[in-house]
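Asker: One structure, pasted below without further comment.
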Amino acid sequence: MNAIIFNEDTKVFHIRTEHTSYQMMIGKHDVLLHLYYGAAVGDSEVTWRIVTFDRGFAANPYDAGDDRTFSLDVLPQEYTGYGNADYRVNGLEAVHADGSDALYLKYESHRILPGKYKLEGLPAMYGTDEEAQTLEITLRDHVSGLRAHLLYGVFPKLDVITRAVRVENNGETPIKLKKAMSAQLDFPHRPLDIIHFYGRHAQERLTERIPLPHAIHSVESKRGASSHQHNPFVILCDHAADETHGDCYGVSFVYSGNFKCETEVDQVGQPRMAIGIHPYHFSWRLEPGKVFETPEVILSFSEEGLGGLSRRLHDAIRSNLIRSRYVDSPRPVLVNNWEATYFGFDEEKLYGIAKTAREIGLDLFVLDDGWFGKRDSDTTGLGDWVVNEDKIQGGLPALAERIRGLGMKFGLWVEPEMVSEDSDLYRTHPDWCLRIPGRPMNRGRFQLNLDVSRKEVRDHVMGQIFQVIDACGVEYIKWDCNRSVGNVYSAELPPERQGEIYHRYMLGVYDMMEQLVSRYPNLLFENCSGGGGRFDAGMLYYSPQIWCSDNTDAIDRLKIQYGTSFGYPISTMGAHVSVCPNHQTGRTVPFDTRAVVASAGTFGFELDLQKLSEEEKKQASAWIRTYRKIEPLVQKGDYYRLSPAAEGSRHVVWQFVSKDRSETLIAGVLLENISNPRVHLIFPKGLDEEAKYQDEGTGAVYTGAALMHAGIPLVAPMGDYQPIWHHMKKCECD
Ligand code: DGJ
């Protein structure tokens, strides 16, 4: 199927994926109008959706002459400028050499190309010529000569369209970009809800759903990171949409820095969404002939509700965004020493944990914070990526060798973007951190941000880290980032370019990560930012997994992992079994339940395994074997949220189904047991109606139809926080 069609007669662009249509039209006066995005409409061109009236206080551009029905203020458009009497949220703003800041963008040309466009130094989906096509539509501001090349990456099989904008200064004088959003989307005549994912440290990606108001609603971060507080992924959907029904649009920003997702319902009831780098503290000086590329946005649509949308996004991210070889192959089950020791360890303590880990059946020992510099607490040492031999006597290569001698892989924690004032790096190069001249600095966890927009800084830090990786044969890296970007000023940039620093910082981080993954293609790379402070599609381009939250309490994790699942594959969520009472909440939860929750993620352990009872060690070993069996479902299966992790939920249940529907796992937690309880039924989904499935635990046999229509009762032993686990496979049994 030709995914991108341009009709020369009607001037309509029709992007077609397997289940969706996206249409635009070069309208009067060469304004690029947005016609439609949603369920496939066959070969119809839905031009009739442009309905114009003479509306009061909706001005008309001069080229409309005496046509008072043509107003940019109400027309659905693809990407808008500024100062042209469209007063709604917009895409692009630029100040010209004469101080004026208007832009009137008009269609100039387009190209349809095989394969997927690429963005310089930025994460983005990738695709072969068989998988993807690119549409580039060039809009031009005729007064300044500025061009906005709108890029559309079309993945027909994935039902995904990506967008980005390449802004080019074709004028003769420099231009200062003030706002350069990656995509805008108009929804002519259609009320919608927004679902967004807010939170805080240790409580990331909680869900909120509200009808889009007539006011501007903004989901955003100005913290220099995508943030714990707001995630750069939102869903727009019908008011009635639920897990299985209704039109849902997913908007995932492939970027890990400041962002803004603005929505506005205009005066005649049409929602508009614009998403991109936050204009706060942003400007970009564009010399004549130069180009600025925005980060990418992934758009997807499903008419099969929120569940259908999530499954589309999960597939797309797994197949054409994550590059790691681990994306769909077994990952080592790890033990991380952070909650076991914090900063208080020596080489024998670490070796002891690794030894027990091996006996239990784990594959990878991860040495977390505290192994370098003079790092005995979080006040010192960041920036000195040389082993702390007071703590690890004999050196790190020797310890790594001993651990490898057990038959385990060796992994390491690093925090390359940061520096402690009490460090050799800071003493030698105090000017290498971000710092506003003449102002006292703010500290976050006692640390400062290195100015990683500077190549010499990046080269120094990564050079040190590469030496350690090489010397120790490190096979896993956890990259942490424990403060928001602050003191935003770079000693290297001239005053007129200080508005570029947030974005240049992010480009610097991406460059460092690219160096890491290209130098060590077999490394298992886990991202982290004080838990899930940078859980975004941008980071998934570099690492197949991200530590989901510093909150390891299995019950709190239900909500965090539930929220995360809307936009991100389950196999990307770092999840560990930790000790009870839990270090963040003091809560005690049965071992099996902790394992059930961690198995809806990357599965690992984060506790002092030496302190487990013999019984718990057996449970841990059994769970590693169980995880190995269900790991293909987690990595490649379809995911269904069967009951939500919402306020007041009595149970939270999810399900994986293999793509061939031969296997399923229904798992979850019964949160509360009461005496004389009502019986709740759970209704699995996505199964083969005709087939028979046998529950590996109970031996019971059900037809797919019976499971899906008659349901199965949720029953659990006495006590709160009881595990739910039904692993079923197709069988030929009677
Ligand atoms: C925050 C991370 O999320 C934790 O897992 C741990 O690595 C600490 N930082 C170490 O400082």
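The values are calculated or read from the model by the stated rules, or taken from the named source; none is laboratory data. Note that the coordinates shown come from a computational prediction; the quantities given were computed from them, not determined experimentally. Backbone-built Cβ (ideal geometry, glycine too); neighbour counts: all protein chains shown. For the accessible areas, the whole protein counts, side chains as well, though only heavy atoms, and no ligand, DNA or RNA atoms are used. Shrake-Rupley method; radii C 1.70, N 1.55, O 1.52, S 1.80 Å.
Asker: Can you work out the FRET efficiency for the pair Glu172 and Ala240, with r the C-beta to C-beta distance and R0 = 45 Å, to the nearest 0.05?
Answerer: 0.25
Asker: Can I ask one more? From the helices alone, meaning DSSP H stretches of at least four residues, give me the mean residue ellipticity at 222 nm for the chain, per-run term -39500 (n - 2.57), in deg cm²/dmol to the nearest 500.
Answerer: Dividing the helical sum by the residues of the chain leaves -6000 deg cm²/dmol.
Asker: Show me the GluC sites (Glu not before Pro) within the range 568-669 that DSSP assigns to loop and that have at most 12 other Cβ atoms within 10 Å of their Cβ.
Answerer: Loop-located and lightly packed - Glu647.
Asker: Identify the GluC sites (Glu not before Pro) of the range 1-55 meeting these criteria: DSSP loop state and at most 14 other C-beta atoms within 10 Å of the C-beta.
Answerer: Glu8, Glu18
Asker: Which percent of the accessible heavy-atom area of the range 4-320 goes to carbon and sulfur, probe 1.4 angstrom?
Answerer: 51 percent
Asker: Dividing the Cα radius of gyration by the Kirkwood radius, what Rg/Rh value follows for the range 165-310?
Answerer: My calculation of the ratio gives 1.02.
Asker: HN-Hα J couplings of the range 620-633 from phi, Karplus 6.51/-1.76/1.60, θ = phi - 60°, integer Hz, Gly and Pro as x?
Answerer: 4, 4, 5, 5, 5, 5, 5, 4, 4, 6, 9, 4, x, 5
Asker: Counting only other residues whose beta carbon sits under 13 Å from that of Val452, what net charge do I get with K and R as +1, D and E as -1?
Answerer: Neighbourhood net charge equals -4.
Asker: Now a separate question. Pairs of Cα atoms under 8 Å, at least six residues apart: use those to get the relative contact order of the chain, whole percent.
Answerer: 10 percent
Asker: If the cut-off is a Cα-Cα distance under 28 Å, which lysines reach Lys349, setting aside same-chain residues fewer than 8 apart in sequence?
Answerer: Qualifying lysines at Cα under 28 Å: Lys374, Lys391, Lys409, Lys478, Lys611, Lys617, Lys618.
Asker: For the chain, what log10 I(q)/I(0) values come out of the Debye formula at q = 0.07, 0.11 1/Å, with one point per alpha carbon and no solvent?
Answerer: For the chain, the Cα-only Debye profile gives -0.51, -1.19.
Asker: What aspartates and glutamates sit close enough to Lys559 to cross-link, taking a C-alpha to C-alpha distance under 19 Å and skipping anything fewer than 8 places away on the same chain?
Answerer: Excluding near neighbours in sequence, the set is Glu204, Glu208, Asp242, Glu243, Asp536, Asp550, Asp592, Glu647, Glu672, Asp720.
Asker: Past 22 Å, Cα to Cα, is the threshold; run Lys11/Lys290; Lys106/Lys222; Lys157/Lys730; Lys659/Lys729; Lys629/Lys729 against it and keep the listed order.
Answerer: Listed pairs above 22 Å: Lys11/Lys290; Lys106/Lys222; Lys157/Lys730.
Asker: Related question: How much of the pair distance distribution for the range 4-320 lies past 27 Å, counting alpha-carbon pairs only, in percent?
Answerer: 40 percent
Asker: Okay, moving on. Could you please state how large a percent of the accessible area of the range 568-698 is carbon and sulfur, counting protein chains only and using a 1.4 Å probe?
Answerer: Carbon-and-sulfur percentage of accessible area, whole number: 49.
Asker: Still on this structure, please answer the following. Just need the relative contact order of the range 325-630 here, percent rounded to a whole number, with Cα pairs under 8 Å and 6+ apart.
Answerer: The normalised contact order for the range 325-630 reaches 18 percent.
Asker: Compute the whole-percent fraction of alpha carbon pairs in the range 538-669 spaced more than 17 Å apart.
Answerer: 58 percent
Asker: Next question. Provide Rg over Rh for the range 480-560; use the alpha carbon set for both Rg and the Kirkwood Rh (inverse mean inverse pair distance).
Answerer: Rg/Rh: 1.06.
Asker: Among 375-383, 60-68, how do they line up by average Cβ neighbours within 10 Å per residue, starting with the highest?
Answerer: Top to bottom by mean Cβ count within 10 Å: 375-383, 60-68.
Asker: Out of the GluC sites (Glu not before Pro) in the range 108-195, which ones are loop residues according to DSSP with at most 10 other C-beta atoms within 10 Å?
Answerer: For GluC sites (Glu not before Pro) across the range 108-195 that sit outside H, G, I, E and B with at most 10 neighbouring Cβ atoms in 10 Å, the list reads Glu120, Glu130, Glu172.
Asker: Let me ask something else about it. Whole-Hz Karplus ³J(HN,Hα) for the range 29-35, in order, using 6.51 cos²θ - 1.76 cosθ + 1.60 and θ = phi - 60°, x for Gly and Pro?
Answerer: 6, 6, 7, 7, 8, 9, 9
Asker: Next up: Taking the Cβ of Ser182 as the center, what net charge do the other residues with Cβ under 9 Å away carry, scoring Lys and Arg +1 and Asp and Glu -1?
Answerer: Taking every Cβ under 9 Å from that of Ser182, the sum is 0.
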